[in-house]
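Take a look at the structure below.
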């Protein structure tokens, strides 16, 4: 299922192509025929492709900010370095979760850092045109087969 992730219009809809009451009720973008972000709240789960689209949208906002503040957006190498920092933060939080460090609000920080790491992976995959949904399924099937052969 596709989602239309466009900036909010003056009318408050995230997709400027939603113009009719029918389209608003259905949450369908008249231009892209994608489900609008208004309907995401009613969907119980998101597929990995949906997450990748949302990660790309958020990365686009970061790129605008970086260009405004620094004159250019981060390179793929810089994104990977940011990911490495997030993994380090994740390790510190896991140590706290396991009682090896002191940290407040561990569960919320753990959730936040896992999401940061997933976001980085999806953004880097997008930079290299890797379909993570297909790739992940393929890799898991290979690992499953390999592990079944070992046991």
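None of the figures in this text is laboratory data; all of them are computed from the coordinates on show. Since this is a predicted model, take the numbers as computed values, not measurements. Because the Cβ atoms are built from the backbone with ideal geometry, glycine has one as well, and the counts that use them run over all protein chains shown.
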Checklist outcome for this item: Along principal axes, largest first, the alpha-carbon spread of the stretch 67-151 in whole Å comes out as 51, 39, 17
Checklist outcome for this item: The extension gain from residue 105 to residue 48, computed as 0.36 nm times the residue separation minus the Cα-Cα distance, is 17.8 nm
Next on the checklist: Please compute the modelled spin-label separation between residue 112 and residue 76, points set 7 Å along Cα→Cβ, answer in nm with one decimal.
Outcome noted: 3.0 nm
